[in-house]
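One structure below.
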Amino acid sequence: MLINHTRIMKYLLYVTIVLSLFSCKKETVETYQGKDGVSFFAYTDQQLHTTAVRSYSFAFQKTVKTRDTMYIPLRLTGKLSDKPRTVLLKTAAGTTATAGVDFELKEVTIPPGVYIFNYPLVLINSVGMASHVYRIVLEPAETKDFTLGTLGQTPATTANLRTEENFRYLKIDVSSMYVRPAYWDILDEDFGEFSAVKYKFMVKVLGITDFSLDSIGSDGLLNFPVTLRNALADYEAANGPLLDENGQEISFP
Amino acid sequence: MHLKHFFKLSPVFIVIVLAFAACKKDNQSLKYDQINDIKITDATTSFTVAQRDSLIITPTLSQTMPAGDSFTYSWKIDSNVISTSQNLRIKVTLSPGTYLMTYRVTSNRNGIYTLKRYTVTVTGIYPDGWYIVNNKDGKGKVSLIRTDDVFFDNPMEVANNKSYPGKALAVYNFGKGGFFYYFSDQNVYRFNMNDWLELGDKSSILPNLATPLPFKSAPAFILDASKFDQFIVADGSLYAGISGSTSENVKPFTQRIPGDYDLYPGVFPNTYDLTYFYDNAKMRFMRMAIFSRILEDAPKTTGSFDMANVGRKMIASDRGISTIFEEEIEWYFIMQDNNGRYLMSLTYDQFGSTLVGVNQQMVNSPEIGSATNFATSSILKQLYYTVDNRVYLYDMLANSARLIYTFPAGYVIKDIEMQRTTSKRLVIGVNNGAAGEVYYFDINAQGEFNNSTYAKKFTGFGEIVQIAPARKNL
């Protein structure tokens, strides 16, 4: 028994020595393999993510336009590329606008090395928009370079201070009527209820057409109503009350 | 059998062979040279220097073998080399703050180096003190008496290498911010409080004015208690803007806040979200909530007086006590009607809500009807008022005043300010004709001036318009 035990130990030693020569092996690091993705992108505080509706009206532009471009932020996921790639959006269920009549979607080339990109959506000032609000529901389309990207929320970090939303569907209402813009939700408290007459008065007094918070800033949100109240008082002193399209007297809170 | 023994003993052979292979005779001969041991033996390693002043450090180096050695020097803050001299002599251009500085001495003989770390605190060149707004030869300026009593005649012109035309009206700073406003009869400017570099003028500060500057009278400026709103009252009108504690947060002011009012030139932050104003036309308080731009009537109050219907004209104001973070502040007011002058106040309760305070006619107070300047104590129920060259101390509880100091004949007191952090020093600006002088009076436990005279005196100013603490606006 003793002899057998010694022999076993001895063979084990040989096996260990031999195995130790082959014990280490360089292993390749696993990397992501797959098609890169694309999704809509917005910061959470912009309130433009999947449940929101962006809006555009040709009536709100400084000059009369037959076409205009709305830029839609997209986020690319996967590996950065040192070559140009193409991205395309397509319409989804719920779209009432007509491609080629009210808007155009084209395959667009993304420059090398970018991971956030503004897709140019061409809007056309169609005849129907004078009396209708059309909705465009967009989603990323499969291309040779991209599939649908990662969805969900990207939490804020020390490097990226704002929480981000990556989402699949984007709703856009487009018209050439004076329709209440989606961003007016934020303006309600300081500017009061939307009306076409009020909007035109604001454009005339302040000289701008975009009153979204991104455009006017926090000081505009507080300061512009003061300017408008003063201007309205001057108007009323000269002309009497300013009535909106529904016969209601215009006021700024 | 032999083979069996060989295999049995083979592990022993392997170990022995490996042991022989592992050891090798080392024939190197080690030589030991004495090196020059360098030490930096400074006892002082912390320095405080004002911006744009010179920072001079002459380190003491000790060496054990100085002969034949030479050195390379470097002084670094972060990764920036600021000097390569043995002694540091630089003009400090860093922003105010505390910096770690590393001094490195490297032997050119053998590359061995020694390090020393210093702490450098850079203060603003004009960190604290008293602003003296004065006019000389028809031109306004703001002089500064720094806390170390160093006097700067016209820092804004020196710092910006330009002239600021027009007569001075007023200067106001932020409670905890880094900058201040200077109002002249031609413009309004914002300056960095530390270095007095100009940050903007009326085009960026008040771009929305319906009527152009200048203001006809000295405006008042203050932040609200939250520090998120800022207000200017000028020529009876109110202007509001978003504020913050740094210049990056500050936004332009509004146009005149609409309404039928004529405000006393004062702003009274009382609670975290409510700031009061006083309408001298309708003789009532008004108020504005945080981030509101609606100037509304103050609600009716019961108690010592009705804020919605005071019925007196406001003559002067100053602050009383406050909570530790100044989110609630007490204010005293001098009011006037046909029967005389009154001391009134707004204060706050334990829940941070507004309360009306004292309301008493000021009696047994000589010349109170002619008083032009008022300053309250934040630790005693006392206030100081002046008439021409005379200073009176008014006791709120006793409701009486007494004369405590008289400047020489011909002197006229223009402004008085309490050093709010302690309420232990009253600063008085007087004019002797067109020549201004500033006096510091230290206050004893009874509220009187120590030794019945001033502690310090500064001369050489033009005609004084206003004095203001450099660091404390509220």
Exercise. Select from the stretch A:209-253 the residues that are closer than 15 Å to A:Tyr183 by Cα and either in contact with a Ser or Thr (Cβ under 7 Å, 6 or more places away or on another chain) or free of Cβ contacts under 8 Å to residues at least 60 places away in the same chain (or both) and list them in ascending order.
Key: A:Phe211, A:Ser212, A:Leu213, A:Ser215, A:Ile216, A:Gly217, A:Ser218, A:Gly220, A:Leu221
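Can you tell which of A:Ile116, A:Ile110 is buried (at least 18 other Cβ atoms within 10 Å of the Cβ) and among the hydrophobic types (A, V, I, L, M, F, W, C)? Reasoning before the result, please.
On the way: A:Ile116 fails: buried (at least 18 other Cβ atoms within 10 Å of the Cβ).
Just a single option satisfies the conditions, and that option is A:Ile110.
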Exercise. Please enumerate the residues belonging to the stretch A:207-233 that are more than 10 Å from chain B (Cβ to nearest Cβ) and not small (Gly, Ala, Ser).
Key: A:Ile208, A:Thr209, A:Asp210, A:Phe211, A:Leu213, A:Asp214, A:Ile216
Quiz prompt | Wholly enclosed strands (runs of 3 or more DSSP E) of the stretch B:392-472 bearing at least 3 residues among the charged types (D, E, K, R) | solution = B:411-418
Quiz prompt | Checklist (1) out of contact with any Pro (no Cβ under 6 Å at 6 or more places or on another chain); (2) within 10 Å of chain B (Cβ to nearest Cβ) applied to A:Phe201, failing item | solution = (2)
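Let me confirm something: among A:Thr66, A:Thr44, A:Thr50, A:Thr77, which residue is surrounded by fewer than 16 Cβ atoms within 10 Å (Cβ to Cβ), in contact with a strand residue (DSSP E or B) (Cβ under 6 Å, 6 or more places away or on another chain) and modelled with pLDDT of 70 or more? Talk me through it step by step, then tell me what you get.
Values: A:Thr66 fails: in contact with a strand residue (DSSP E or B) (Cβ under 6 Å, 6 or more places away or on another chain); A:Thr50 fails: modelled with pLDDT of 70 or more; A:Thr77 fails: surrounded by fewer than 16 Cβ atoms within 10 Å (Cβ to Cβ).
Unique residue meeting the criteria: A:Thr44.
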Quiz item: In the stretch B:412-422, what residues are over 16 Å from B:Ser317 (Cα atoms) and either in contact with a Cys (Cβ under 9 Å, 6 or more places away or on another chain) or crowded, with 19+ Cβ neighbours inside 10 Å (or both)?
Solution: B:Ile413
Exercise. Of the numbered conditions (1) closer than 22 Å to B:Tyr332 by Cα; (2) modelled with pLDDT of 95 or more; (3) in contact with a Lys or Arg (Cβ under 9 Å, 6 or more places away or on another chain), B:Ile464 fails exactly one; give the number of that condition.
Key: (1)
Quiz item: Restricted to the stretch B:307-329, and to residues that are in a strand (DSSP E or B) and more than 21 Å from the chain's Cα centre (by Cα), which residue is farthest from B:Ser423 (Cα to Cα)?
Solution: B:Lys313
Quiz item: In this structure, is B:Phe305 closer than 25 Å to B:Asn134 by Cβ, of a type outside the set (D, E, K, R) and surrounded by 14 or more Cβ atoms within 10 Å (Cβ to Cβ)?
Solution: no
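Specify which of the listed residues (B:Val358, B:Val363) is out of contact with any Leu (no Cβ under 8 Å at 6 or more places or on another chain) and of a type in the set (Val, Ile, Thr).
B:Val363
So that you can scan it fast, the table gives a plain yes or no per residue for (1) within 25 Å of B:Asp128 (Cα to Cα); (2) surrounded by 11 or more Cβ atoms within 10 Å (Cβ to Cβ):
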site: B:Lys31; (1), (2): no, no
site: B:Ala50; (1), (2): yes, yes
site: B:Arg89; (1), (2): no, yes
site: B:Leu94; (1), (2): yes, yes
site: B:Arg109; (1), (2): no, yes
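Just need a number here: residues in the stretch B:198-207 that are out of contact with any strand residue (DSSP E or B) (no Cβ under 7 Å at 6 or more places or on another chain) and in contact (Cβ under 8 Å) with a residue 12 or more places away in the chain.
Going through the stretch B:198-207 one residue at a time, the tally reaches 2.
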Quiz item: Just wondering, is there one or more residues in the stretch B:249-266 that are surrounded by 24 or more Cβ atoms within 10 Å (Cβ to Cβ), touching a residue at least 12 places away in the same chain (Cβ under 8 Å) and part of a strand (DSSP E or B)?
Solution: yes
Exercise. Quick one: which strands (runs of 3 or more DSSP E) lie wholly within the stretch B:180-241 and hold at least 2 residues that are within 13 Å of chain A (Cβ to nearest Cβ)?
Key: B:229-234
Practice problem: Go through the stretch B:268-298 and give me each residue that's assigned to a loop (DSSP other than H, G, I, E, B), more than 14 Å from chain A (Cβ to nearest Cβ) and at pLDDT 95 or above. | Solution: B:Asn280, B:Ala281, B:Lys282, B:Met283, B:Ala298
Self-check item: Subset tally (residues that are surrounded by fewer than 11 Cβ atoms within 10 Å (Cβ to Cβ) and either within 18 Å of B:Ile90 (Cα to Cα) or under 47 Å from the mean Cα position of the chain (by Cα) (or both)) for the stretch B:33-48
Solution: 4
Quiz item: Inside the stretch A:170-253, counting only helices (runs of 4 or more DSSP H) that do not spill past its ends, which hold 2 or more residues that are of a type in the set (S, T, N, Q) and not assigned by TED's automatic domain parsing to the domain that holds A:Pro73?
Solution: A:213-239
Quiz item: Do you know which residues across the stretch B:66-86 are loosely packed, with under 14 Cβ neighbours inside 10 Å and part of a loop (DSSP other than H, G, I, E, B)?
Solution: B:Pro66, B:Ala67, B:Gly68, B:Ser70, B:Asp78, B:Ser79, B:Thr84, B:Ser85
Practice problem: Find all pairs meeting these conditions: Cβ atoms under 8 angstrom apart; at least six residues apart or on different chains; first residue within the stretch A:35-46 and touching a residue at least 24 places away in the same chain (Cβ under 8 Å); second residue crowded, with 16+ Cβ neighbours inside 10 Å and among the polar types (S, T, N, Q). | Solution: A:Asp36/A:Thr77; A:Asp36/A:Ser81; A:Gly37/A:Thr77; A:Val38/A:Thr77; A:Ser39/A:Thr77; A:Ser39/A:Asn166; A:Phe40/A:Asn166; A:Phe41/A:Asn166
Self-check item: Residue satisfying all of: in the stretch A:236-252; under 20 Å from B:Arg293 (Cα atoms) and more than 31 Å from the chain's Cα centre (by Cα); farthest from the other protein chains (Cβ to nearest Cβ) among these
Solution: A:Ile250
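Could you list, in sequence order, all residues of the stretch B:183-200 that are among the aliphatic types (A, V, I, L, M) and touching a Leu at 6+ places or on another chain (Cβ under 9 Å)?
Correct list: B:Val188 only.
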Quiz item: Mind checking which residues of the stretch B:332-384 are acidic (Asp, Glu) and more than 29 Å from the chain's Cα centre (by Cα)?
Solution: B:Asp337, B:Glu367
Quiz item: Any idea how many residues of the stretch B:135-161 are without any contact (Cβ under 8 Å) to a residue 24 or more places away in the chain and assigned to a loop (DSSP other than H, G, I, E, B)?
Solution: 5
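The values are calculated or read from the model by the stated rules, or taken from the named source; none is laboratory data. Please read all numbers here as calculations on a predicted model, not as lab measurements. Here Cβ is always computed from backbone atoms with ideal geometry, including for glycine, and neighbour counts include all displayed protein chains.
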